[in-house]
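Undergrad: Pasting a structure here, questions to come.
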Amino acid sequence: MSDPSSATSGNAARPATGETAVAVLGGGCFWCLEAVFKDLDGVSGVLSGYAGGHTAQPSYEQVCSGRTGHAEVVRVSYDPSVLSYDDLLRVFFTIHDPTTPNRQGADVGTQYRSVIFTGSDAERDAARAVMREIESAGIWDGPIVTEVVPLPAFHPAEADHHDYFALHPGAGYCRVVIAPKVAKFRKQFADRLRRTDTERRAG
């Protein structure tokens, strides 16, 4: 595993073994996305960070200013034999509003934009196909504005942003914003919640 304190390119973010795949996604506050994806079966790790901007080593304060061009994102490591990239994106398009440019609820700014950072042409094509599928299904009233762009670099967020919901369940933002989102996800995707290897083999 590479040093999480350093930025990684789109190609370097993918382990050479092929046993684990990586997706970098932005859809509002990274605390929310991290809390949801940690519960998804097949996901082995979720790391909050920043991507898509022009500052070499962005800080949380700089990203929140909206001046660095970065989006708050999560880097999701997952087992594609358990969870396909397409299914990961189907969950992604359900747990945030992909029709509101640069906004998720009360969180407003380019750092909260809906974006899929891809590491290959295959991921780009898959992302666009899932977007068309979601639009055709009429899940959202408006058109999807999610960006699909190559991943230039991923910058891990500061340590105090990791596992934020788990460590601060009583905080106001966690109670009012994150907890309802997690509860909705667990109800809607009850069949996709994290399972042990034994439970998975048992069907």
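Undergrad: In nm, to one decimal, how far is the ARG175 label point from the ALA106 one, both placed 7 Å along Cα→Cβ?
TA: 1.3
Undergrad: Hey, rough spin-label estimate for GLU158 and CYS64, points 7 angstrom out along Cα→Cβ, what's it come to in nanometres?
TA: 0.8
Undergrad: Something else about it: For segment 114-203, which chymotrypsin sites (Phe, Trp or Tyr not before Pro) pass both filters: DSSP loop (anything but H, G, I, E, B) and at most 16 other C-beta atoms within 10 Å?
TA: TRP140
Undergrad: For a quick check: with amide H placed at 1.01 Å from N, whose amide H comes under 5 Å from TYR50's, ignoring anything fewer than 5 positions away on the same chain?
TA: VAL73, HIS155, ALA157
Undergrad: Please state the relative contact order of segment 21-190 as a whole percent: Cα pairs under 8 Å, 6+ residues apart?
TA: 31
Undergrad: How would ARG132, ARG67 line up from fewest to most surrounding beta-carbon atoms within 10 angstrom?
TA: Final ranking by Cβ density, sparse to dense: ARG132, ARG67.
Undergrad: Scaled to the compact-protein estimate 2.2 N^0.38 Å, what is the alpha-carbon radius of gyration of the chain, rounded to two decimal places?
TA: 0.97
Undergrad: Then there is this: Loop sites only, by DSSP: take the GluC sites (Glu not before Pro) in the chain that have at most 15 other C-beta atoms within 10 Å and name the longest stretch containing none of them.
TA: No qualifying site falls inside 20-157, the longest such stretch.
No lab work stands behind these numbers, since they all come straight from the coordinates. Bear in mind that the values here come from a model prediction, so they are computed numbers and not experimental data. So basically every Cβ, Gly included, is an ideal-geometry build from the backbone, and we count neighbours across all protein chains shown.
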